[in-house]
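Only one structure is covered here, and it is reproduced in the block below.
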Amino acid sequence: MTFAHGQGFPSKPVRLVVPFPPGGPTDAFARLLASRLQETWKQPVIVESKPGAGTVVGTDFIAKSAPDGHTLGMVTMAHVINPSLRRNMPYDTLKDLSGVTQLSVLHLLVAAHPTLEANTPAELIALAKKRPGKITYGTAGAGTSSHLGTELLNSMAGIQLVHVPYKGSAPAQNDLLGGRIDLIVDPIQPALTQHAKAGKIKTIGLMGAARTPLAPGIPVFAENVPGFDAVGMFGLIAAGGTPRELVNRIYADVAAAVRTPDLNERMLQFGMDPVASTPEQFDAFVRREIEKWAPVVKSTGATAD
């Protein structure tokens with residue numbers, strides 16, 4: 001079956017698979033995107049939650065679906081970390097899936113309990129050097145971009161922050177507010193921003209390579225650790241073997257949706273910098289990030305639960 005520039009697509013409802021339980025940020029953004037695509041495609045776009053195994057369950061469903069564009073999937077940084085973290089992957093990330101677009105960058109924020117004697121990346125690094133193995137940081141779990149990003153910081157800055165993994169962001173935030181951990185590393189989001197405004201936590205810095213218009217006043221660790229860069233992302237994938245003309249057609253429609261002022265504004269509210277890269281750029285990004293994180297996973301000894 002050939003698709004001349006994706007003509008005839010979609011010919012039936014499209015499934016948009018989210019590899020997390022309903023109610024989280026990935027699910028919320030998927031529903032916004034689905035509503036825009038439904039208007040464009042004149043077919044239902046149904047968001048389906050398929051959580052489990054650190055996004056592997058949902059992504060495996062995409063890998064094994066018909067390569068006709070009618071089943072698409074959301075991915076996060078777990079997509080590029082899992083090949084190093086999990087020994088028995090049921091699919092080959094590079095061969096069995098096609099990148100459609102990197103939808104956004106998700107900035108990772110390092111925030112502290114107000115009593116910690118550091119207010120900036122430089123001060124935190126200096127304090128961590130004075131107290132090796134004494135400063136704790138919480139994340140939403142082992143093997144997440146927040147965990148591995150901080151381990152990369154440990155390595156590049158010559159410090160030893162101690163990881164405390166939680167089952168999700170909410171319990172980590174609660175323990176930070178209660179002073180049971182010193183730091184949290186989590187995607188920048190409304191809950192953290194509100195706690196900072198109320199003085200319940202203080203922002204230390206972001207982990208991206210450069211400051212973001214989302215929070216121009218928050219410095220980045222790269223200003224003190226040259227070359228350091230650790231961010232999260234949202235991306236969109238299809239089954240491997242989906243005709244390139246069809247992938248390009250889906251990409252064009254998704255990119256147009258991402259660039260609409262209202263969806264753009266909502267993404268910024270979620271703490272995302274919109275990207276909308278081409279399929280080729282996204283595939284190249286996935287390859288680079290798999291290579292980047294493999295040695296970090298190995299050095300931490302992190303494995304999937």
| said: Which of the three applies to region 190-305, rounded, prolate or oblate, going by the alpha-carbon gyration tensor with a ≥ b ≥ c and a/c under 1.5 meaning rounded? | reply: oblate
| Most exposed first by the Cβ proxy, i.e. fewest other Cβ within 10 Å, how do Arg249, Arg266 rank? | Arg266, Arg249
| query | If you work out Rg/Rh (Cα atoms, Kirkwood Rh) from the coordinates, which of (i) 0.98; (ii) 0.96; (iii) 1.05 do you get? | reply | (i)
| query | Which of the aspartates and glutamates could be linked to Lys130 by a straight reach, that is with a Cα gap under 17 Å, when you skip same-chain ones fewer than 8 residues away? | reply | Glu117, Asp182
| said: Assuming 0.36 nm per residue, please report the length gained on full extension of the stretch Thr120 to Asn174 beyond their Cα-Cα distance. | reply: 17.2 nm
| field | Mean ellipticity per residue at 222 nm, deg cm²/dmol - from DSSP H runs of n ≥ 4 across the chain, formula -39500 (n - 2.57) | value | -12000 deg cm²/dmol
| field | Phi-based couplings in Hz for region 289-296 (Karplus 6.51, -1.76, 1.60; Gly and Pro marked x) | value | 6, 4, 5, 5, 8, 4, x, 5
| request: First measure r as the distance between the Cβ atoms of Arg131 and Arg31, then evaluate 1/(1 + (r/R0)^6) with R0 = 30 Å and state the FRET efficiency to the nearest 0.05. | output: 0.10
| Cα extents of region 1-141 along the three principal axes, largest first (Å) | 64, 35, 26
| note | For Phe285, Phe29, ascending order of other Cβ atoms within 10 Å (fewest first) is Phe285, Phe29
| query | How much FRET efficiency would the formula 1/(1 + (r/R0)^6) give for Ala210 and Lys42, where r is the Cβ-Cβ distance and R0 is 35 Å, rounded to 0.05? | reply | 0.30
| remark: The rounded separation in angstrom of the Cα centers of region 205-239 and region 88-106 is 20 Å
| request: Return the subset of Lys95/Lys298; Lys197/Lys298; Lys167/Lys298; Lys64/Lys292 for which the Cα-Cα distance in this structure is over 29 Å, preserving the input order. | output: Lys197/Lys298
| remark: In order over region 32-42: 3J(HN,Hα) from phi, Karplus 6.51/-1.76/1.60, θ = phi - 60°, whole Hz, x for each Gly or Pro, gives 4, 5, 4, 5, 5, 5, 4, 5, 6, 8, 6
| task | Output the relative contact order of region 108-223, whole-number percent, from Cα pairs under 8 angstrom with separation of 6+ residues. | result | 38 percent
| J(HN,Hα) series, region 96-108, from Karplus relation 6.51 cos²θ - 1.76 cosθ + 1.60, nearest Hz, glycine and proline x | 9, 9, 10, x, 9, 6, 7, 6, 7, 9, 10, 7, 8
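Read-outs: derived from the displayed coordinates by stated rules, not from any lab. Note that the structure is a prediction, hence the values are computed from the model and not measured. Methodologically, a virtual Cβ is constructed for each residue, glycine included, from the backbone with ideal geometry; neighbour enumeration extends over all protein chains shown.
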